[in-house]
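Here is the structure we will look at, set down as structure tokens.
The values are calculated or read from the model by the stated rules, or taken from the named source; none is laboratory data. For clarity, every value in this text was computed on a predicted model and none was experimentally measured. Here the Cβ is made from the backbone with ideal geometry for all residues, glycine too, and neighbour counts use every protein chain on show. For the accessible areas, the whole protein counts, side chains as well, though only heavy atoms, and no ligand, DNA or RNA atoms are used. Shrake-Rupley method; radii C 1.70, N 1.55, O 1.52, S 1.80 Å.
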Amino acid sequence: PPGFPMLLTGLSILAGRASYEIFIRFMPVFSTLALVVWYFVLKREAGRPLAAGSCLLVATSAPLFELTTRSVLSEAPFFLALPAF
């Protein structure tokens with residue numbers, strides 16, 4: 001994605017250094033924020049029970065855990081930015 005390198009640059013400036021450790025620690029933050037944003041989007045469209053259930057299922061899934069704790073990929077930031085589009 002075009003904005004991902006700029007996002008990593010911003011994290012480097014914020015943290016004061018650029019390293020894999022810094023980037024990997026921010027990926028769960030992006031995923032958590034994305035789930036919160038998606039909860040509000042789904043709550044508005046489908047109601048509170050469905051929004052809470054679907055976000056809970058995604059939050060406790062093994063693929064999301066592996067995606068956000070094992071690698072620095074653009075999926076978590078894109079998941080967060082998707083409701084804006």
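Projected over every direction and averaged, the convex hull enclosing the alpha-carbon atoms of region 1-50 yields 4.5 nm².
Our analysis of the chain gives Rg over Rh at 1.02, with the two radii drawn from alpha carbon positions and Rh computed by the Kirkwood formula.
Round to the nearest 0.05 the FRET efficiency obtained for Phe78 and Ala46 when R0 = 25 Å and r is the Cβ-Cβ distance. Could the numbers behind the result be given before it?
Details: r = 22 Å, r/R0 = 0.87.
Plugging the Cβ-Cβ distance into 1/(1 + (r/R0)^6) gives 0.70.
For the chain, the longest principal axis of the C-alpha atoms and the axis of helix 48-59 are separated by about 40°. For the chain, the relative contact order is 37 percent, taking Cα pairs closer than 8 Å that sit 6 or more residues apart in sequence and dividing their mean separation by the residue count.
Probe of 1.4 angstrom, ligands and nucleic acids ignored: what's the accessible area per residue over the chain, in square angstrom? List each step's numbers first, then the result.
Details: 5730 Å² over 85 residues.
Per-residue accessible area for the chain comes out at 67 Å².
Label-to-label distance, Leu57 versus Phe4, with points set 7 angstrom from Cα along the beta-carbon direction: 2.7 nm.
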